[in-house]
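Student: Before I ask anything, here is the structure I am working with.
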Amino acid sequence: MDILIKPIVTEKMTAQGETLNRYGFIVDKRANKLQIRKTIEEMYGVKVQAVNTMRYGGKLKSRYTRSGIQEGKTASYKKAVVTLAEGDTIDFYSNI
């Protein structure tokens, strides 16, 4: 199971990374906190202090077009906010 899907790089998560040493990831819906902790520690070589997870359900969306109303749904996902130990950091921009 591929646990980490992608990191969350937004203004809010970047600010939390700088001040509170927290980083966000989109993770597999079936992954639990222990699996997320183990994967991040192995992948980035850091010590994880805490893992908080949130599940987001998909939203119903509709738009108006010439041919009528188009309706659909966005995908649901699970988000993990990881707090690292003091002194550890993750640099998402190093390999760009």
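The values are calculated or read from the model by the stated rules, or taken from the named source; none is laboratory data. Remember, predicted model here, so these are calculated numbers, not experimental data. Note: ideal-geometry Cβ built from the backbone for every residue, glycine included; neighbour counts use all protein chains shown.
Student: Consider segment 65-96. How many of its residues are of a type outside the set (Phe, Trp, Tyr), under 20 Å from Asn32 (Cβ atoms) and not in a loop (DSSP other than H, G, I, E, B)?
Tutor: Summing the residues that are of a type outside the set (Phe, Trp, Tyr), under 20 Å from Asn32 (Cβ atoms) and not in a loop (DSSP other than H, G, I, E, B) in segment 65-96 gives 7.
Student: Against the condition surrounded by fewer than 16 Cβ atoms within 10 Å (Cβ to Cβ) and either among the hydrophobic types (A, V, I, L, M, F, W, C) or touching a residue at least 12 places away in the same chain (Cβ under 8 Å) (or both), how does Lys59 come out, does it pass?
Tutor: So Lys59 passes the test.
Student: Continuing with this model, one more query. Kindly establish whether Ile96 is surrounded by fewer than 12 Cβ atoms within 10 Å (Cβ to Cβ), of a type in the set (A, V, I, L, M, F, W, C) and modelled with pLDDT under 95.
Tutor: yes
Student: Say whether the condition of being within 15 Å of Ser76 (Cα to Cα) and surrounded by 14 or more Cβ atoms within 10 Å (Cβ to Cβ) is met by at least one residue in segment 35-51.
Tutor: Checked against the condition, which is being within 15 Å of Ser76 (Cα to Cα) and surrounded by 14 or more Cβ atoms within 10 Å (Cβ to Cβ), segment 35-51 yields no hits at all.
Student: Report, by residue number, each residue of segment 1-58 that is among the aromatic types (Phe, Trp, Tyr), at pLDDT 95 or above and in a helix (DSSP H, G or I).
Tutor: none
Student: A further question follows. Find all pairs meeting these conditions: Cβ atoms under 6 angstrom apart; at least six residues apart or on different chains; first residue within segment 17-31 and hydroxyl-bearing (Ser, Thr, Tyr); second residue in a loop (DSSP other than H, G, I, E, B).
Tutor: Tyr23/Ile90
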